[in-house]
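Have a look at the structure below before the remarks.
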Amino acid sequence: MDVLSYMQSLGQAARDASRAMAKASTNKKNHALLAIAQTIEAQRQAIIAANAKDMVAAQKNGLDAALLDRLELNDERIDAMIEGLQQVAALTDPVGEITGLKYLPSGIQVGQMRVPLGVIGIIYESRPNVTIEAASLCLKSGNAAILRGGSEAIEANRVLADCIRSGLASANLPASAVQVVDTTDRAAVGALITMPEFVDVIVPRGGKGLIERISKEAKVPVIKHLDGVCHVYLDEFADKTKAINITINAKTHRNGTCNTLETLLVHEKVAVEFLPELSTALLDLGVELRGCKATQAILSKVKPATEEDWFEEYLGPILAIKIVKNLDEAIAHINHYGSHHTDSIISENYSLSRRFLTEVDSSSVMINASTRFADGFEYGLGAEIGISTDKIHARGPVGLEGLTSQKYVVLGNGEVRK
């Protein structure tokens, strides 16, 4: 079977399964999620062994350090998969919820009911844990899913797909409710994003090139963020200990994620006090520093920053630093150079912090917290399907509610329009 025919067969099966999933009970969906978790625990060593094969192949193919980090599975990450499934099972099922129900003068009641989107296609690179995150959220929200992981994770994804099928079977749900594309042919992506008859929405998770391509070529709606140029602003009223700890965590906790700090903004009144100690800690952790002229005047071990640096998502151990005059300049910089992903202010001043929350145009805005918290798991969503920086339908980490829509429902008792 050629790739197009294969993908169309997956699409038809997913469309059929979506109708069964839309009416599946919460108990059945939760049963499937917990059964998948149990199967992953039972297959832990098989998953790690399959991932080891992927890692060897990826290293031979010259995959960069950031992608290798995303690809690797260990006991801690498998534990996180299991916990994520359990958390999603414990979440309130949004499907069928009716809100805003009110009587109108005509006698009818009008409200809105939350319903699944239908069939969701997820395209992602490297991270096999996304297979479980995406499957869990699509299942709980009553959707069918077609998951296309990167070719570099094919072995681990095959084992995880078996775990998912086992869980679905245990709950008497259709096996085609979650299908993992079992081909590394890149033509599968092109087919998946151009099947509006089978797919209702696409969620890309990967590098900027992948997301740009999908946004340009897709014939179905896309939930996306293009990149993660995240900022931390150290205000003149920042607590020094918080400023240093949060900056180090936001930059070095993991380099290759979209919520990692890329540009540090520092108020000119605290730059001389904060930057020497902070730069020493970052340099000791292997972070390359690039700074504006004012930063270079304070720090000797900093390279000149160019205009391009302020736009850059490094996804690696590089940090751009800019000294600003005040909050207004910090906000203007973030809104101009940022990607509307995640930005944080470190400040003990309530009024300035509130202004930052209001005026920074990003999908997640924080006070005195690391940008690394911009994640569905950390937000209590159980897991996330991705992060959206768009302003329509879903914004920020997309969890269960973001995978549903609403339809109007009308309750009457024989009323007719006059």
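The values are calculated or read from the model by the stated rules, or taken from the named source; none is laboratory data. Since the model is a prediction, treat every value here as computed from it, not as a measurement. Methodologically, a virtual Cβ is constructed for each residue, glycine included, from the backbone with ideal geometry; neighbour enumeration extends over all protein chains shown.
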In the range 57-67, is there at least one residue being at positive phi and either outside the structural domain of N259 (by TED's automatic domain parsing) or at pLDDT below 95 (or both)? yes
Okay, helices (runs of 4 or more DSSP H) sitting entirely in the range 109-213 with 2 or more residues that are charged (D, E, K, R) and crowded, with 24+ Cβ neighbours inside 10 Å, I get 129-140
Selection count, the range 218-235, where residues are crowded, with 22+ Cβ neighbours inside 10 Å and in a strand (DSSP E or B): 5
Is there a residue in the range 284-291 that is within 28 Å of G396 (Cα to Cα), touching a residue at least 60 places away in the same chain (Cβ under 8 Å) and part of a loop (DSSP other than H, G, I, E, B)? no
List every residue pair whose Cβ atoms lie under 9 Å apart, where the two residues are 6 or more positions apart in sequence or sit on different chains, the first residue falls within the range 396-414 and is not assigned by TED's automatic domain parsing to the domain that holds C258, and the second residue, located anywhere, is of a type in the set (K, R). L400/K140; E401/R114; G402/R395; L403/K140; T404/R114; S405/R114; Q406/R114; K407/R114
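Residue-wise test of (1) among the hydroxyl-bearing types (S, T, Y); (2) under 22 Å from E262 (Cβ atoms).
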site	(1), (2)
A374	no, yes
E384	no, yes
S388	yes, yes
G402	no, no
S405	yes, no
L411	no, no
V416	no, no
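A quick yes/no check of all residues on (1) modelled with pLDDT under 95; (2) in contact with a helix residue (DSSP H, G or I) (Cβ under 6 Å, 6 or more places away or on another chain):
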| residue | (1), (2) |
| --- | --- |
| E307 | no, no |
| F311 | no, yes |
| H336 | no, no |
| S339 | yes, no |
| G382 | yes, yes |
Quick one: how many residues across the range 370-418 are in a loop (DSSP other than H, G, I, E, B) and either surrounded by fewer than 19 Cβ atoms within 10 Å (Cβ to Cβ) or not hydrophobic (A, V, I, L, M, F, W, C) (or both)? 23
Of all the residues that make up the range 15-51, how many are in a helix (DSSP H, G or I), out of contact with any helix residue (DSSP H, G or I) (no Cβ under 6 Å at 6 or more places or on another chain), hydrophobic (A, V, I, L, M, F, W, C) and farther than 15 Å from N157 by Cα? 3
Of the residues A250, A243, A238, A281, only one is modelled with pLDDT of 95 or more, part of a loop (DSSP other than H, G, I, E, B), among the hydrophobic types (A, V, I, L, M, F, W, C) and over 19 Å from H336 (Cβ atoms); which? A238
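Here's the yes/no breakdown for (1) within 30 Å of P317 (Cα to Cα); (2) crowded, with 17+ Cβ neighbours inside 10 Å:
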| position | (1), (2) |
| --- | --- |
| S5 | no, no |
| M21 | no, yes |
| T26 | no, no |
| A52 | yes, no |
| A58 | yes, yes |
| N74 | yes, no |
| E97 | no, no |
| G100 | no, no |
Selection from the range 291-331 of residues of a type in the set (K, R), surrounded by fewer than 22 Cβ atoms within 10 Å (Cβ to Cβ) and within 28 Å of R355 (Cα to Cα) yields K293, K325
Are any residues in the range 332-363 in a strand (DSSP E or B) and surrounded by fewer than 22 Cβ atoms within 10 Å (Cβ to Cβ), and if so, which ones? none
Which is in a strand (DSSP E or B) and within 24 Å of H333 (Cβ to Cβ), of E262, E273? E262
